[in-house]
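Down below is the structure, laid out as structure tokens.
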Amino acid sequence: MFAVLASLVAAFYYIRLIKVMYFDAPAQTAPIEAPLEVRAVLSVNGALVLALGLLPGGLMTLCVQAVRAVF
């Protein structure tokens with residue numbers, strides 16, 4: 001019974017979130033501007049996530065070596 005109640009609460013929350021995101025009028029219409037430092041950090045982070053997603057072998061090798069060193 002608790003699972004059904006929790007699912008109903010979660011469904012209400014997510015449906016409300018979708019309504020606010022897509023159907024309500026925006027609070028601000030001005031474009032969001034970030035400082036150069038923030039854009040640089042996010043760009044490097046995005047590039048690393050993309051590189052590790054496409055070529056995970058190097059990271060996996062480091063992880064295996066770290067686990068072997070611990071155990």
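So if we plug the beta-carbon distance of PHE71 and GLN28 into 1/(1 + (r/R0)^6) with R0 = 30 Å, what FRET efficiency do we get, rounded to 0.05?
Efficiency computed from Cβ-Cβ geometry: 0.05.
Where does each of ILE32, ILE15 land when they are ranked from fewest to most other beta-carbon atoms within 10 angstrom? Mind dumping the intermediate values first?
Numbers: ILE32 5, ILE15 10.
Going from sparsest to densest Cβ surroundings: ILE32, ILE15.
Arranged by the count of other C-beta atoms within 10 angstrom, fewest first, what order do THR29, THR61 take? Present the calculation step by step, with values, prior to reporting the outcome.
Numbers: THR29 6, THR61 10.
In increasing order of surrounding Cβ atoms, one gets THR29, THR61.
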Integer Hz, Karplus 6.51/-1.76/1.60 couplings in order for the range 21-31, x for Gly and Pro: 5, 10, 10, 7, 5, x, 6, 10, 10, 6, x
Simple spin-label estimate for TYR14 and GLU37 in nanometres, 7 Å along Cα-Cβ: 3.8 nm
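Each value in this text was obtained by applying a stated rule to the coordinates, not by laboratory testing. Only a predicted model underlies this, so the values are computations on that prediction, with no experimental measurement involved. Methodologically, a virtual Cβ is constructed for each residue, glycine included, from the backbone with ideal geometry; neighbour enumeration extends over all protein chains shown.
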